[in-house]
Amino acid sequence: MNNLNRFLFLLAFFSFSIMNAQDPVTFRVESQDFALVFQTDNLQRLHQSYFGPRLKNAAEYAIVTEQLRYNGTNEDQFNMAYTPSGTWNVSEPALQVLHADGNGSTELEYQKHSVTKLEDNVQLTKVELLDPLYKTQVNLFYKVFLKENVFEQWTEIHNGEQGTIELKKYASANLYFRNEDFHLTQYSGSWAQEMYPETHHLTAGIKVLDSKLGTRANLYSPPTFMLSFDAPATETEGKVILANLAWSGNFKFEFERDRYDNLRLIAGANPYAAEYFLKVDESLETPHLIFTYSETGIGNASRNLHRWARKYQVWDGMGKRKTLLNNWEATYFDFDEKKLVSLFEGAHELGVDLFLLDDGWFANKYPRNDDRAGLGDWQENKKKLPNGIGYLVEEAEKAGVEFGIWIEPEMVNPKSELYEQHQDWVIRQPDRREFYYRNQLVLDLSNPEVQDFVFGVFDDLFTQNPSIGFVKWDCNAVIYNAFSDYLDRQKISQSHLYVEYVKGLYKVLDRVRAKYPKVPIMLCSGGGGRVDYGALKYYTEFWPSDNTAPVDRVYMHWDYSRFFPANTMCAHVTEWSRDASIKYRTDIACMGKLGFDIDVEELEAEELVFCKQAVKSYDTYKETLWFGDQYRLQSPYDHHFGSFQFVDESKDHAIWFSYLVEQRYEINYSVEPLRLQGLDPDKNYQIKELNLFPGTTSPLDSKKIYSGDFLMKVGFNPDVSRARNSVVLEITAVK
Ligand code: GLA
């Protein structure tokens with residue numbers, strides 16, 4: 001090789017390797033219909049370059065970035081896959097680390113990624129990022145449920161340094177959405193006012209949704225949101241994300257509209273008072289963010305999320321559920337053995353599967369006769385139940401129903417033996433006055449001894465009474481005075497408490513589920529104070545609210561059902577609105593997991609006949625309701641009546657509920673037909689009215705045949721009026 005050739009060769013070699021070094025890496029995380037695409041820049045930083053419908057030619061994902069004309073200066077690096085802090089980044093970070101030497105800067109470079117097929121429908125992508133200076137490793141995980149278009153995303157942070165590092169912020173997900181405009185639907189509430197929706201346009205700056213309540217962290221705001229792109233989505237139109245953080249503790253969602261009017265979303269456990277320290281070689285796995293995206297409206301997104309939840313997340317999501325009679329509102333704390341046994345008959349009479357004994361059955365030194373005492377002392381109260389739970393289980397079984405029981409094992413009343421013996425197990429500031437929420441305090445689940453105790457409450461009940469058929473697991477207090485005696489003794493920072501509490505709870509629930517996989521457990525938290533997909537991994541169902549006023553429940557169903565399937569939503573017939581007829585109250589409860597919380601003996605004869613019939617009917621359509629697709633046909637917010645339809649997979653069977661929510665006078669609220677959805681246009685159907693009150697007849701002709709095509713294009717009039725303020729219709733394909 002002469003000199004010139006050598007020079008040309010070296011030039012070619014160097015330009016090739018320079019080109020190579022700069023060649024961006026592009027990869028995608030795809031569901032059946034959508035793609036999340038990542039690309040490196042010339043500093044090996046990883047950007048999210050695309051989120052939207054899948055491209056036909058995957059090679060073209062690599063050239064998306066060429067179409068973007070962002071100003072290339074540093075402050076404009078908004079679309080990072082996981083935004084670090086302390087170097088070039090001047091926007092809200094996903095990660096903030098104080099390194100062992102006190103330096104607060106982190107840079108993340110892309111190392112590699114891998115894709116694993118977990119099963120036919122499930123793929124996991126792991127992306128490895130590394131700080132070249134401090135060797136902090138960040139792994140991003142994206143689990144995709146292809147058919148359901150559901151993405152599950154989380155992060156693992158590993159300390160590769162020679163000393164302890166402090167994580168000041170450790171988000172689960174950092175996402176970037178390019179669009180014209182964004183409308184956020186957030187939910188807020190309080191006790192008995194859960195899931196109040198508000199939709200608003202996101203303006204420049206950061207909108208924060210968060211909770212600092214510790215335990216029943218969703219009390220004021222669940223870790224749930226809906227995000228519409230361009231314009232607020234409707235049930236059948238629009239681009240929309242439905243999301244939930246699978247985490248039963250403090251959370252934080254940050255929605256930042258950047259200067260290109262795009263949206264940065266940073267979601268995870270709330271870093272408030274929760275700095276997390278990692279020793280050498282330790283890792284932290286963040287909570288998982290679950291989201292689904294649809295370009296054909298909210299209804300489609302919900303159906304995808306429901307299918308995913310039943311199949312992959314909710315405990316026994318495809319399993320049967322039990323109907324029940326609960327004694328809470330019928331007796332509150334005021335009952336004894338005799339009274340309970342008399343109620344078993346009522347449960348049997350109604351035809352439900354089990355009787356659920358609520359609060360008030362335990363504690364002796366400080367009997368649980370109201371909510372001020374006894375919590376923590378899980379021995380049967382000898383005065384009320386001289387023969388113990390075992391006797392009740394037997395008597396219930398003799399009456400032909402199973403027996404279920406209420407516990408609240410994470411909490412304690414200061415007036416209890418447990419508190420007297422184990423103040424060190426209680427979350428409280430040792431030298432400050434105590435503050436109570438519902439007269440109680442929270443046990444310190446970061447402490448393994450407390451975990452054993454809480455598991456023991458459950459385990460003892462079942463060891464002594466193996467045939468208990470159901471548990472309602474309550475959690476009523478928030479965390480005040482966040483301080484753990486255990487962490488103090490272990491010399492672990494108090495700022496770990498909020499995270500360790502939830503991890504401790506999950507450890508207990510892991511043990512419960514390992515030993516008791518078959519027991520249905522209801523997730524309750526003074527109503528819907530703790531509803532999230534992290535908890536629902538262990539629970540079969542949840543109590544949406546202590547508010548069972550039927551009209552309120554129509555609205556709550558509308559909003560909860562955007563995120564959670566009907567088989568997880570317990571709905572009880574109660575006395576909250578005595579002015580509403582038993583039919584109206586029952587029809588509304590029939591749209592969830594049906595239960596009653598009434599004194600059956602107080603029902604009029606015809607009311608009892610009606611309820612029994614309603615339970616029987618429920619048994620015939622419950623599979624469609626629990627496992628079918630839900631279509632929210634008409635919103636109670638914008639119309640006189642709310643309307644909801646459920647269709648089974650074969651499209652042979654549907655169940656359709658309509659509830660009047662309007663109080664103003666009008667003769668007929670359904671002047672026009674309502675278009676049904678999800679049927680087969682080529683099948684023919686008959687429509688029959690269910691849940692008719694004794695002595696009434698339906699104005700609808702159940703013999704008439706309609707094509708699915710007609711029902712979906714023209715529709716059908718359920719004939720809702722003041723006299724018919726709830727209408728339950730069954731739609732069956734004619735063979
Ligand atoms: C909470 C629950 C109720 C009931 C009471 C018992 O408020 O939400 O359903 O179980 O506790 O104290």
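The values are calculated or read from the model by the stated rules, or taken from the named source; none is laboratory data. Everything numeric in this text was worked out from a predicted model, so none of it was measured. Every residue, glycine among them, receives a Cβ derived from its backbone with ideal geometry; neighbour counts consider all protein chains shown. The accessibility values were calculated without ligands, DNA or RNA, using every heavy atom of the protein model including side chains. Shrake-Rupley method; radii C 1.70, N 1.55, O 1.52, S 1.80 Å.
Taking the numbered list (1) at pLDDT 95 or above; (2) on the phi < 0 side of the Ramachandran plot; (3) surrounded by fewer than 16 Cβ atoms within 10 Å (Cβ to Cβ); (4) over 26 Å from the mean Cα position of the chain (by Cα) in turn, G695 passes all entries but (2). Selection of strands (runs of 3 or more DSSP E) fully inside segment 257-298 by the criterion of at least 2 residues being open to solvent by 50 Å² or more (accessible area, probe 1.4 Å) returns 283-285. For segment 530-546, which residues satisfy the criterion of being away from the ligand (no atom under 11 Å from the Cβ) and touching a Ser or Thr at 6+ places or on another chain (Cβ under 7 Å)? Within segment 530-546, D532, G534, A535, L536, E541 meet the criteria.
With respect to N42, determine if the residue is among the polar types (S, T, N, Q) and without any contact (Cβ under 8 Å) to a residue 24 or more places away in the chain. Yes. Residue check: A477 meets all listed conditions (1) under 30 Å from E394 (Cβ atoms); (2) small (G, A, S); (3) touching a residue at least 60 places away in the same chain (Cβ under 8 Å) but one, namely (1). Within segment 623-644, the only residue that satisfies the criterion of being without any contact (Cβ under 8 Å) to a residue 40 or more places away in the chain and closer than 17 Å to G715 by Cα is H639. All told, S467 falls short of being more than 24 Å from V499 (Cα to Cα) and surrounded by 16 or more Cβ atoms within 10 Å (Cβ to Cβ). Filtered by the rule that a residue be under 16 Å from D353 (Cβ atoms), within 34 Å of the chain's Cα centre (by Cα) and open to solvent by 10 Å² or more (accessible area, probe 1.4 Å), segment 376-399 gives a lone residue, E397.
Checking D719, D682, D701, D638 one by one, the residue that is in contact with a Ser or Thr (Cβ under 8 Å, 6 or more places away or on another chain), exposed (fewer than 13 other Cβ atoms within 10 Å of the Cβ) and not in a strand (DSSP E or B) is D682 and no other. Restricting the first member to segment 579-602 and to residues that are farther than 13 Å from L325 by Cα, and the second to residues that are of a type in the set (K, R) and at pLDDT 95 or above, the beta-carbon pairs closer than 7 Å and six or more apart or on different chains are I588/R553.
Looking at segment 299-340, which of the residues that are more than 18 Å from the chain's Cα centre (by Cα) and in a helix (DSSP H, G or I) is farthest from the ligand (Cβ to nearest atom)? My answer is K338.
Note on segment 657-677: residues that are surrounded by 10 or more Cβ atoms within 10 Å (Cβ to Cβ) and either in contact with a His (Cβ under 9 Å, 6 or more places away or on another chain) or in a strand (DSSP E or B) (or both) total 11.
Please indicate, with yes or no, whether at least one residue in segment 402-411 is out of contact with any helix residue (DSSP H, G or I) (no Cβ under 7 Å at 6 or more places or on another chain) and open to solvent by 40 Å² or more (accessible area, probe 1.4 Å). The answer is no; no qualifying residue exists. Among residues of segment 412-428 being open to solvent by less than 60 Å² (accessible area, probe 1.4 Å) and acidic (D, E), the one that is nearest to the ligand (Cβ to nearest atom) is E417. Counting the residues of segment 115-145 that are open to solvent by 50 Å² or more (accessible area, probe 1.4 Å) and either under 20 Å from P24 (Cβ atoms) or in a loop (DSSP other than H, G, I, E, B) (or both) gives 6. Every listed requirement among (1) modelled with pLDDT of 95 or more; (2) within 21 Å of E601 (Cβ to Cβ) is met by M318 save one, (2).
Of the residues making up segment 347-392, those that are more than 16 Å from the ligand (Cβ to nearest atom) and of a type in the set (K, R) are K365, K382, K383.
Mind listing just one residue for me: the one in segment 593-614 that is more than 29 Å from the chain's Cα centre (by Cα) and acidic (D, E) and, of those, nearest to T574 (Cα to Cα)? Filtering first and then ranking leaves D599.
Looking only at segment 661-692, residues that are in contact (Cβ under 8 Å) with a residue 60 or more places away in the chain and on the phi > 0 side of the Ramachandran plot come to 1 in all. When V457, V508, V478, V499 are checked against the criterion of being of a type in the set (V, I, T), within 16 Å of the ligand (Cβ to nearest atom), under 20 Å from the mean Cα position of the chain (by Cα) and open to solvent by less than 50 Å² (accessible area, probe 1.4 Å), a single residue qualifies: V478. Taking (1) more than 25 Å from S484 (Cα to Cα); (2) buried (at least 16 other Cβ atoms within 10 Å of the Cβ) in turn, H201 satisfies each apart from (2).
Restricting segment 172-189 to residues that are outside any strand (DSSP E or B) and of a type in the set (G, A, S), the residue that is nearest to L245 (Cα to Cα) is S172.
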